[in-house]
């Protein structure tokens with residue numbers, strides 16, 4: 001199945017705008033998924049929203065509740081929440097650059113591939129990719145999508161660019177209470193030498209294909225065997241009742257020179273407040 005873009009718009013580096021598409025880098029179809037089936041009837045199991053002492057309720061009777069403590073909730077209307085959803089913007093601007101190794105793995109959330117939308121955009125796309133590769137930097141910016149604002153980092157990946165959504169500071173739990181009980185003493189030299197030697201012997205270039213998900217393989221094998229067996233019970237459930245135009249990069253070199261000229265005298269990236 002062909003990949004479908006989840007976002008289309010402009011990747012902007014100062015005065016340079018590059019028409020791009022963003023695709024999920026995760027292959028969600030690779031894993032086996034199940035549905036719950038009611039064995040006596042062979043029908044799918046559906047879930048109802050139920051209130052204790054009341055029974056099933058309609059969706060339009062349900063509000064969002066924010067817990068304030070002591071089993072008390074602040075009730076919010078759906079319209080109130082929808083009113084603060086951000087309008088999806090068609091520009092993803094790189095506002096700061098950091099060394100790629102400055103971003104610890106704990107900050108990364110989901111990976112996405114960034115691709116140019118057409119041949120005209122490829123020239124500028126390659127320049128940004130090669131500049132990030134040459135400097136060893138990752139570009140940071142905020143992307144608005146589906147009413148929310150995501151902090152993102154872009155860096156080279158093979159022949160293209162990889163975008164990864166990052167957690168915000170409030171999303172990450174402080175590790176100090178968990179690690180503070182670990183004594184900060186130097187390891188035994190002999191034990192450290194043995195551990196270091198073992199690590200060196202087992203070191204090799206990273207290759208994801210060298211590792212197999214044995215549970216997933218066993219599950220697929222089970223399904224294959226059950227598919228071939230006529231004794232396997234089966235159920236027939238039946239059926240339940242403008243791409244935006246990008247700005248053309250007319251003169252990439254001129255735009256880059258103007259961008260550099262406009263940023264002379266400035267140091268570092270300024271922190272922007274979210275809309």
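Return the residue satisfying two criteria in turn: it lies in the stretch 113-137 and is part of a helix (DSSP H, G or I) and touching a helix residue (DSSP H, G or I) at 6+ places or on another chain (Cβ under 7 Å), and of such residues it is surrounded by the most Cβ atoms within 10 Å (Cβ to Cβ).
124
Need a quick list: strands (runs of 3 or more DSSP E) entirely within the stretch 1-108 having at least 2 residues that are surrounded by 11 or more Cβ atoms within 10 Å (Cβ to Cβ) and touching a helix residue (DSSP H, G or I) at 6+ places or on another chain (Cβ under 6 Å).
16-24
How many residues does the stretch 147-175 contain that are on the phi < 0 side of the Ramachandran plot, part of a loop (DSSP other than H, G, I, E, B) and more than 14 Å from the chain's Cα centre (by Cα)?
5
Can you find even one residue in the stretch 1-14 that is under 30 Å from residue 233 (Cβ atoms) and under 30 Å from the mean Cα position of the chain (by Cα)?
yes
In this structure, does residue 195 turn out to be surrounded by 12 or more Cβ atoms within 10 Å (Cβ to Cβ), part of a helix (DSSP H, G or I) and at pLDDT 85 or above?
Here the answer is yes, as residue 195 does meet what is asked.
Among the listed residues 269, 246, 262, identify the single one that is closer than 30 Å to residue 117 by Cβ, modelled with pLDDT under 75 and not in a loop (DSSP other than H, G, I, E, B).
That would be 262, the only listed residue that is closer than 30 Å to residue 117 by Cβ, modelled with pLDDT under 75 and not in a loop (DSSP other than H, G, I, E, B).
So in the stretch 203-242, with the set limited to residues that are surrounded by 10 or more Cβ atoms within 10 Å (Cβ to Cβ) and touching a strand residue (DSSP E or B) at 6+ places or on another chain (Cβ under 8 Å), which one is modelled with the lowest pLDDT?
Per the criteria, the residue is 237.
Just to be sure before I move on: is residue 55 more than 20 Å from residue 113 (Cα to Cα) and at pLDDT 85 or above in the structure I sent?
yes
The values are calculated or read from the model by the stated rules, or taken from the named source; none is laboratory data. For clarity, every value in this text was computed on a predicted model and none was experimentally measured. Cβ sites come from the backbone with ideal geometry, for glycine too, and all protein chains shown count toward neighbours.
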